[in-house]
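All remarks here apply to the structure that follows.
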Amino acid sequence: MTEEELQRLREQIKDVTGKIISLAAERNRLAKEIGRIKSERGLQVEDEGAELVLERYVISLCRESGLDERTGLKILHTLIEESKAVQGRTQSKQRITPMTMAAKARKLISEGRDVVRLDVGEPDFGPPKEVVEECIRALNLGKTKYTDTRGIPALISALQNYLESKHRYSTQGENLLVTPGGRFAIFAALSAIVREGESVLIIEPCWPAYRENIDFAGAKAISVRTEIEEGWSPNMEELQGSITETTRAIIISYPSNPTGKIIDRSTFRAIIEIAKDKKITVISDEIYNDYAYTDCPSILDFDVENFVLTSSFSKTWAMTGFRVGYAVSSREIIEKMYRVMALAVTCVPEFIQYGAIKALGSEQDARKNSEIMRRRIEMAYSEISRIDQLQTYKPDGAMYLFPVSKDEKFDSDNFAETLLERKGVAVSPGTGFGDYRRAFRISLGQKEEKIVEGIKKIGELLS
Ligand code: PMP
């Protein structure tokens, strides 16, 4: 190719780029006009139906023109975000999540207030003694270096044995990744699977970080709403109907944070079958799997290839501050998650990984912790049931209650703030877990007396 040819092609590229920019400006002018009409008619800036029509159109254009669909959707996503910006989308109100509630509670405590902490999802009890001892031993032995991003071979092999004995699931080391907690496993899984402009199904109410991570990836969270009246069970037709051409994954997590719901095996199987049919990945967050008081299916019990299991040492062994969890998936997905992890954190600290090996062998501690939560659920459920203004699902597992007010006008953000200020009790408003302004979450990571005291004060404020 001659220099002139190269020059000519560069000029053409510049010309096409110029056209794209002029068209983007033209598009923004049209969007502004639409925004004006919407505001005259009192309509919202966000319009999911209109976005869906555009997505379908872009996908069909990509198919015709040979442009990669993911690239087309990425461009569309950028254009839609631009439209929303010129239409003056006001930043939606900051959601109050358990994390923000915890910060408020800590501030009050630092000012000398006595606060009953029913907000944060963290067990009050400590890690197994032998885990602490092992970490110290490892430190003294100089286990203070970088390790393979995947995790030390001894922990990988301990995880293989653990999964084999717990779920009768045999897996290869290449299907495992040790992560800094379950939170990072979710982040890495979504980073591996989803691109800008695509979408992920979540079943609400659910842990706020799913939506936050999906947003961060530039993707769209599609919510399948569940209701207390239906025992927090997802409706399968609705779930199936919510999957669009852009959907790449569904996140499920049972026992659920915040409701304590566990879906039965046939429902679990139905979700897997839908996902198989639609060729989307099932991300199953099984962090509360050991706090289960009815039959609790795991994704590992089913014949499914396209999945990611995420789990953690945080709840089972009360090791929240150790920051260690893991993921199980196909070699291809683990490889991508590995790259995200290598890029962002290198590895979980070496001495912590030695502690984690000890935890996997501490079956007795896992059982003891689970038993404590079971007792607390029984006790807290019977206490909350005395409050007439609330309706509560009796949890099948996890470590929370998610009462729903019978008052149509109940505002959980106001309630949580008033409860904290007037009664010194911290809970998490339902709005943090989806559009649930009539609900709030009570965490049972506190001693029984504190839980009883907190629930009593909730009753007082409501009466
Ligand atoms: N998943 C769920 C449902 C959770 O509630 C939490 C913690 N609250 C996590 C994952 C993450 O926990 P960690 O990062 O400590 O493992």
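Structure notes:
- Scanning the range 35-60 for residues that are among the hydrophobic types (A, V, I, L, M, F, W, C), open to solvent by 90 Å² or more (accessible area, probe 1.4 Å) and assigned to a helix (DSSP H, G or I) returns a single hit, Val53.
- Among residues of the range 303-314 that are among the polar types (S, T, N, Q), those with a Cβ under 6 angstrom from a residue that is away from the ligand (no atom under 12 Å from the Cβ), sequence gap 6+ or separate chain, pair up as Asn306/Thr281.
- Some residue of the range 112-119 being of a type outside the set (Phe, Trp, Tyr), in a loop (DSSP other than H, G, I, E, B), touching a residue at least 60 places away in the same chain (Cβ under 8 Å) and within 16 Å of the ligand (Cβ to nearest atom): yes
- Ile372, sole failed condition from (1) assigned to a helix (DSSP H, G or I); (2) within 24 Å of Phe125 (Cβ to Cβ); (3) open to solvent by less than 20 Å² (accessible area, probe 1.4 Å): (3)
- For the range 407-416, taking the residues that are of a type outside the set (Ser, Thr, Tyr) and touching a residue at least 24 places away in the same chain (Cβ under 8 Å), the one that is most open to solvent (accessible area, probe 1.4 Å) is identified as Glu408.
- Elements of the type strands (runs of 3 or more DSSP E) sitting completely within the range 181-273 and holding at least 1 residues that are away from the ligand (no atom under 16 Å from the Cβ) and charged (D, E, K, R): these cover 220-225, 247-252.
- Any hit, the range 429-444, residues being open to solvent by 10 Å² or more (accessible area, probe 1.4 Å) and free of Cβ contacts under 8 Å to residues at least 12 places away in the same chain: no
- Members of the range 379-399 found to be open to solvent by 30 Å² or more (accessible area, probe 1.4 Å) and either closer than 27 Å to Tyr210 by Cβ or outside any helix (DSSP H, G or I) (or both), listed by number: Tyr381, Ser385, Arg386, Asp388, Gln389, Gln391, Tyr393, Lys394
- Flag: Ile280 does not match the condition of being in the same structural domain as Ile357 (by TED's automatic domain parsing) and over 23 Å from Thr246 (Cα atoms).
- Considering the range 315-366, the residues that are surrounded by fewer than 23 Cβ atoms within 10 Å (Cβ to Cβ) and of a type in the set (Gly, Ala, Ser) include one that is farthest from the ligand (Cβ to nearest atom), namely Ser330.
- Screening the range 400-443 for residues that are touching a helix residue (DSSP H, G or I) at 6+ places or on another chain (Cβ under 7 Å), aromatic (Phe, Trp, Tyr) and outside any loop (DSSP other than H, G, I, E, B) and picking the one that is nearest to Gly459 (Cα to Cα) gives Phe440.
- Asn306 meets all of the listed conditions (1) out of contact with any Pro (no Cβ under 7 Å at 6 or more places or on another chain); (2) within 22 Å of Pro180 (Cβ to Cβ) but one, namely (2).
- The listed residues are Thr310, Thr316, and the only one of them that is of a type in the set (Ser, Thr, Tyr) and in a loop (DSSP other than H, G, I, E, B) turns out to be Thr316.
- Any hit, the range 131-146, residues being crowded, with 23+ Cβ neighbours inside 10 Å and either of a type in the set (A, V, I, L, M) or within 16 Å of the ligand (Cβ to nearest atom) (or both): yes
- Exactly one residue among Phe415, Phe402 is among the aromatic types (Phe, Trp, Tyr) and either in the same structural domain as Tyr291 (by TED's automatic domain parsing) or within 16 Å of the ligand (Cβ to nearest atom) (or both), and that residue is Phe402.
- Qualifying residue in the range 61-68 (condition: free of Cβ contacts under 8 Å to residues at least 12 places away in the same chain, farther than 22 Å from Ala221 by Cα, under 33 Å from the mean Cα position of the chain (by Cα) and open to solvent by less than 60 Å² (accessible area, probe 1.4 Å)): yes
- Candidates Pro255, Pro297 - the one that is in contact with a Cys (Cβ under 9 Å, 6 or more places away or on another chain) and either under 15 Å from Thr179 (Cβ atoms) or not hydroxyl-bearing (Ser, Thr, Tyr) (or both): Pro255
- Number of positions in the range 176-207 that are over 15 Å from the mean Cα position of the chain (by Cα) and open to solvent by 30 Å² or more (accessible area, probe 1.4 Å): 2
The values are calculated or read from the model by the stated rules, or taken from the named source; none is laboratory data. The shown structure was predicted, so the numbers you read here are calculated from the model rather than taken from an experiment. Reconstructed Cβ throughout: ideal geometry from the backbone, glycine too, with neighbour counts over all protein chains shown. Areas reflect the complete protein model, heavy atoms only, side chains present, ligands, DNA and RNA absent. Shrake-Rupley method; radii C 1.70, N 1.55, O 1.52, S 1.80 Å.
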